[in-house]
Amino acid sequence: MNRLLFIMILLSFGKLISAQSITGTVQGKNDKGIPEPLPGANIYWQQTGVGIATDMNGKFQIALPDSLPAALIISMTGYVSDTVMISKGQSDLKIMLKSSINLNVVVVEEKQSTTLNKLFTPINTEVISGKELLKAACCNISESFSTNASVDVAFTDAVSGAKKIQMLGLDGVYTQVLSENMPMLRGLSAAYGLNYIPGTWIENIMVTKGTGSVVNGYESISGQINLEFLKPKEQKKRFFINLYANQKGRAEANVHAAKKINEKWATMLFTHASSNTMKQDMNKDSFLDMPLTQQYTAFN
């Protein structure tokens, strides 16, 4: 008998507690318009300090104020706050908050500089991209440096038109020229080798100055120039043609053809033809101002 009486008292006490609080669920619509629970939403009575937050399922239970009706405020960052008038008899609330922020798609674009310095390497290295080479409408590598102050290019022979490079004020023999980190121009080829490489073949040029450049050999005392050629797997266009001509009779043509054989193998053919056949003697001294040249180059 005593046990039955205890159970009845306990049940009546639970009903009393339930009658002194109100429960509910707070939801909001996601990007697809589907309702979903909002955890962490603020629930509080107006003009009082009594408040709670919803759980992970968006549910809450808050004690009723001393007098009803009363205004229950629901708020959350990114949603419009809502106010619900609570009167006697209400038990389970379902509240839907509307989003307050509607942003359109934002596209962020960045334009990289045509020249940049490697900041995460101990060696002072400047990278000249292919876009920097586009500033010179022609040309081969020796002429492409005319738009960059890192390397000086000067004529060594006015008759043949051969050019040499200078870095840190020293002659070009103290500058090592590499192709994909492999020695490229040495000895007699250093005088004419730069003329054989068109700028359209190059992806980027890495110029290293100072003592740090000697890590690949003693030949790079004043500096090092590493040429990175275009990679066949990275080319979006399978066929590329570049033509150039000017009023002084110079004409150039560059043709690239890339072929992906399989996932591991790819090939790319570079061809170049240039000529300068117009005789120029502006000062009438019987010496040509520019040498007459014809050049044909292929590289695979």
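Tally the residues that are farther than 23 Å from E203 by Cα and touching an Asp or Glu at 6+ places or on another chain (Cβ under 6 Å), restricting the search to the range 241-280. Residues meeting the conditions: 1.
How about the range 240-272: which of its residues are surrounded by fewer than 10 Cβ atoms within 10 Å (Cβ to Cβ) and closer than 18 Å to G130 by Cα? Once the filter is applied, which keeps residues that are surrounded by fewer than 10 Cβ atoms within 10 Å (Cβ to Cβ) and closer than 18 Å to G130 by Cα, the range 240-272 yields only L243.
When the residues of the range 48-77 are filtered to those that are touching a residue at least 24 places away in the same chain (Cβ under 8 Å) and farther than 21 Å from G89 by Cβ, the one that is surrounded by the fewest Cβ atoms within 10 Å (Cβ to Cβ) is N57. Here G14, G33, G40 are screened, and the one residue that is modelled with pLDDT of 85 or more, exposed (fewer than 14 other Cβ atoms within 10 Å of the Cβ) and small (G, A, S) is G40. Any residue at all in the range 231-238 that is in contact with a strand residue (DSSP E or B) (Cβ under 6 Å, 6 or more places away or on another chain), of a type outside the set (K, R) and part of a strand (DSSP E or B)? No: zero hits. Among the residues examined, I221 does not qualify as closer than 20 Å to S274 by Cβ, in contact with a strand residue (DSSP E or B) (Cβ under 8 Å, 6 or more places away or on another chain) and modelled with pLDDT of 75 or more.
Of all residues in the range 126-147, those satisfying the criterion of being modelled with pLDDT under 70 and surrounded by 15 or more Cβ atoms within 10 Å (Cβ to Cβ) are A136, C138, T147. Residues in the range 148-168 that are on the phi > 0 side of the Ramachandran plot and at pLDDT 70 or above: L168 only.
Taken as a whole, the condition of being loosely packed, with under 10 Cβ neighbours inside 10 Å and in contact (Cβ under 8 Å) with a residue 12 or more places away in the chain applies to N300.
The values are calculated or read from the model by the stated rules, or taken from the named source; none is laboratory data. All of these numbers come straight from a predicted model, not from anything done at the bench. FYI the Cβ positions are ideal-geometry reconstructions off the backbone, even for glycines, and counts take in every protein chain you see.
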